[in-house]
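Read the structure below first, then the notes.
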Amino acid sequence: PGYVAALSDRGGTYLAKGDSDHAIEDFDQAIQLSPKDANLYNNRALAYRNKGETDRAITDYEQAIDLNPNNAIAFYNRGNVYSDKRDYDRAIQDFDGAVVLDAKYAVAIYNRGNAHFAKGEADRAIANYDQALAINPKYEDALVNRGVAYEKKGDLDRAIADYDEALKLEPKDAVAYNNRGNA
């Protein structure tokens, strides 16, 4: 167990440094020693995603979910990979799965909103941003993206109000300034 933890920790360090290849090597070794550890698959999947190997990442997330179906993070992470692949319906399903397991998972709710927005569903995106903001009222990205969704709907006053709120939280947010100027 100590050797598995050391491999996992070193793999995590490589991952944090952006060295996905060495991270994968360490996670491979750790998985050989502890093939029932869902976290190892989840971490290796992150490395695969960083390399752009989305199908391998999805396979590892599926394994992580099979081993621990109560792992909201694995659902969330797989949803992000599906978003990368522009498979927004599957992404939404996975973000839903994460939120079922953790109702306060604001970033999963936010990313679900992003997936709805990418599908052209501004109202559903806004509902998700509202939900994320109810959990975390200082969620600047949710304010900016909700502003974008309001702008798409033609509700410029609400968009500007969201950009104003975002700028109160982060006065150096160039995107919020730009979007507010456009609105």
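The values are calculated or read from the model by the stated rules, or taken from the named source; none is laboratory data. For clarity, every value in this text was computed on a predicted model and none was experimentally measured. Methodologically, a virtual Cβ is constructed for each residue, glycine included, from the backbone with ideal geometry; neighbour enumeration extends over all protein chains shown. All accessible areas refer to the heavy atoms of the entire protein, side chains included, with ligands and DNA or RNA removed. Shrake-Rupley method; radii C 1.70, N 1.55, O 1.52, S 1.80 Å.
For the stretch 44-63, which residues satisfy the criterion of being crowded, with 22+ Cβ neighbours inside 10 Å and not hydrophobic (A, V, I, L, M, F, W, C)?
Those that are crowded, with 22+ Cβ neighbours inside 10 Å and not hydrophobic (A, V, I, L, M, F, W, C): R44, Y48, D60, Y61.
Within the group Y14, Y41, which residue is buried (at least 20 other Cβ atoms within 10 Å of the Cβ) and either over 18 Å from V107 (Cα atoms) or touching a residue at least 12 places away in the same chain (Cβ under 8 Å) (or both)?
Answer to the selection: Y41.
Within the stretch 21-34, is even one residue touching a Leu at 6+ places or on another chain (Cβ under 8 Å) and not in a helix (DSSP H, G or I)?
Scanning the stretch 21-34, I find at least one residue that is touching a Leu at 6+ places or on another chain (Cβ under 8 Å) and not in a helix (DSSP H, G or I), so the answer is yes.
Among (1) in contact (Cβ under 8 Å) with a residue 12 or more places away in the chain; (2) open to solvent by less than 60 Å² (accessible area, probe 1.4 Å), there is one condition K85 misses while meeting the rest; what is its number?
Every condition holds for K85 apart from (2).
Among the candidates D26, D9, which residue alone is at pLDDT 95 or above, surrounded by fewer than 20 Cβ atoms within 10 Å (Cβ to Cβ) and farther than 30 Å from A127 by Cα?
From the options D26, D9, the qualifying one is D9.
Only one of (1) within 14 Å of the chain's Cα centre (by Cα); (2) surrounded by fewer than 20 Cβ atoms within 10 Å (Cβ to Cβ) is not met by L67, so which one is it?
Here L67 meets the rest and fails (1).
Report those helices (runs of 4 or more DSSP H) wholly inside the stretch 111-183 carrying at least 1 residues which are surrounded by fewer than 17 Cβ atoms within 10 Å (Cβ to Cβ), at pLDDT 95 or above and β-branched (V, I, T).
The qualifying helices (runs of 4 or more DSSP H) are 122-135, 174-182.
I'd like to know if the stretch 89-109 contains one or more residues that are without any contact (Cβ under 8 Å) to a residue 40 or more places away in the chain, farther than 30 Å from N39 by Cβ, part of a helix (DSSP H, G or I) and in contact with a helix residue (DSSP H, G or I) (Cβ under 7 Å, 6 or more places away or on another chain).
There is no residue in the stretch 89-109 that is without any contact (Cβ under 8 Å) to a residue 40 or more places away in the chain, farther than 30 Å from N39 by Cβ, part of a helix (DSSP H, G or I) and in contact with a helix residue (DSSP H, G or I) (Cβ under 7 Å, 6 or more places away or on another chain).
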